[in-house]
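Novice: What follows is a structure written as structure tokens; I'll ask about it next.
The values are calculated or read from the model by the stated rules, or taken from the named source; none is laboratory data. This is a predicted model, so every value here is computed, not measured. Please note: Cβ atoms are built from the backbone with ideal geometry, for glycine as well, and neighbour counts cover all protein chains shown.
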Amino acid sequence: MTEHRPPPGPGPVRAFVALGANLGDAAAALDSAFAALDALPATRLVGRSSLYRTAPVGVTGHPDYLNAVAAIDTALAAPDLLKALLDLESSHGRRRETELAPRTLDLDLLLYGDATIALPGLEVPHPRMHQRAFVLAPLAEIAPDADIPGRGRVADLLDAVRDQRIERLP
């Protein structure tokens, strides 16, 4: 369990957060989450993707998800940011009954600068992000040149997930 941080420098770290919901008013939940991210201490929302409708991955019979990605600049350490994300999920009624259960709000820390982090409960880059259209498509919309350490440039990874159903909403 190691944490590799980028060298200290002036200002905050650019991080990317995946947002998803498939229970209740998912669009309202994502809008609320974007605002809540912007209100976190020492954090500013600097970009947000469109909303995307996607099929659940790994389960059948669940409602489709709405997904998006946020770009934030934050001075919070990665573990503190993760805790804040989990608190936001909880405040939006998220219950963790089973791993793939439908959710009122799901927030995943995708990237934290160019850091590679492996701590209990926190792995950055997110370990499956390069396999998920619901992450790559909205991330490519706002940061196509972002690099996923060990995987490559976001825009270059899109072809591998073209078979996954995803629809950008107007």
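Novice: Which one is nearest to Ala21 (Cα to Cα), of the residues in the stretch 37-59 that are of a type in the set (A, V, I, L, M, F, W, C) and touching a Ser or Thr at 6+ places or on another chain (Cβ under 8 Å)?
Specialist: In this case the residue turns out to be Leu37.
Novice: From Arg53, Arg94, which residue is of a type in the set (Lys, Arg) and either at pLDDT below 95 or within 17 Å of Arg14 (Cα to Cα) (or both)?
Specialist: Arg94
Novice: Collect the residues in the stretch 155-170 that are more than 11 Å from Val135 (Cβ to Cβ) and not in a loop (DSSP other than H, G, I, E, B), keeping them in residue-number order. Don't jump to the end; show me each part of the working.
Specialist: Pass one, the stretch 155-170, residues more than 11 Å from Val135 (Cβ to Cβ): 155-156, 159-160, 162-163, 165, 167-170.
Residues satisfying the conditions are Ala155, Asp156, Asp159, Ala160, Glu167, Arg168.
Novice: Restrict the check to the stretch 117-125 and report whether at least one residue is at pLDDT below 95, assigned to a helix (DSSP H, G or I) and either crowded, with 20+ Cβ neighbours inside 10 Å or out of contact with any helix residue (DSSP H, G or I) (no Cβ under 6 Å at 6 or more places or on another chain) (or both).
Specialist: No; the residues of the stretch 117-125 include none that is at pLDDT below 95, assigned to a helix (DSSP H, G or I) and either crowded, with 20+ Cβ neighbours inside 10 Å or out of contact with any helix residue (DSSP H, G or I) (no Cβ under 6 Å at 6 or more places or on another chain) (or both).
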